Structures are given as C-alpha cells and as structure tokens.
Amino acid sequence: PRKLGSVTKNPHYVTRRYSEFTASILTLHGGMESFGIAGGGEDMLRNDLTKLRAGIVELLKRLSEELPSPKQRLVFLINNYDQILSVFAERNMVGEETAWFDETLAQHRGLFVEEELSQGFSQL
C-alpha cells in the first residue's frame, strides 16, 4: 500500500479506477447481450468480478489500517464505498455488484454510528 500514495479519509484514487473499470465491463457485457452476440460467460464474468471486488475490499482494508483511529478507518471505508456506488449510479448500474456495496456501506455506517455513540455516551 505504501506505493499507492498517502492515505487520508478521502476516497483513494484506486477506488475510482476500480469502479470505472467494473462499470465499463458490465456495460460492455450488457451491450453485447442487446446485440444478441453474447456467447455466455456470465458465470465466468461473475466469478472474475467477485475476485476483483474481494481484491479492492482487501486493499481498502489494508489502506485503512494506515490511519490512526478506528473512527478514521471507518470514515475512509465509508467514503470509498460511497464513491464506488456513486460511479455505479452515474452509469445506471443495477445488480449484484451495486447491491453488495450498498449493503456493505450500510453496515459500515452502522459501525460508525456505534463508534460515535460509544465515544459520547460510554458512561451510560
């Protein structure tokens, strides 16, 4: 991760590249189907996108570990997942990838709320 530049709470540039690439692949695949030239490969594409997603999620987790506090790590992850969903929304992407990131973003937002409440109301 050190070669990827400094890590702040803002979305990382690799996140934008991942989301643009994934949206492009899904758009091209959908376009081929509309022309009737898709020869299958949906399972292979799904498996490859799942591996790619796992890779970006792992990278984001590793990058977040460079931040000093759990709260900052959560903000970093939330910002990156939100950016992915924003690119998908720009491209009108709907499906498994969008649903997965939507669910993951909601989970991390919940964790952030818990973190905030535990700091402010830990005595209760």
Exercise. Is there a residue being exposed (fewer than 15 other Cβ atoms within 10 Å of the Cβ), part of a helix (DSSP H, G or I) and within 13 Å of the chain's Cα centre (by Cα) anywhere in segment 71-82?
Worked result: no
Exercise. Taking interchain pairs and intrachain pairs at least six residues apart, which have beta carbon atoms under 9 angstrom, with the first residue in segment 51-69 and of a type in the set (Lys, Arg) and the second part of a loop (DSSP other than H, G, I, E, B)?
Worked result: Arg62/Pro1
For this session: Would you be able to tell me the number of residues in segment 84-110 that are part of a helix (DSSP H, G or I) and open to solvent by 40 Å² or more (accessible area, probe 1.4 Å)?
Result: 11
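The values are calculated or read from the model by the stated rules, or taken from the named source; none is laboratory data. Predicted model only: the values in this text are computed from it and were never measured. Here Cβ is always computed from backbone atoms with ideal geometry, including for glycine, and neighbour counts include all displayed protein chains. Each accessible area value is taken on the protein alone, full model and side chains, heavy atoms only, with ligands, DNA and RNA left out. Shrake-Rupley method; radii C 1.70, N 1.55, O 1.52, S 1.80 Å.
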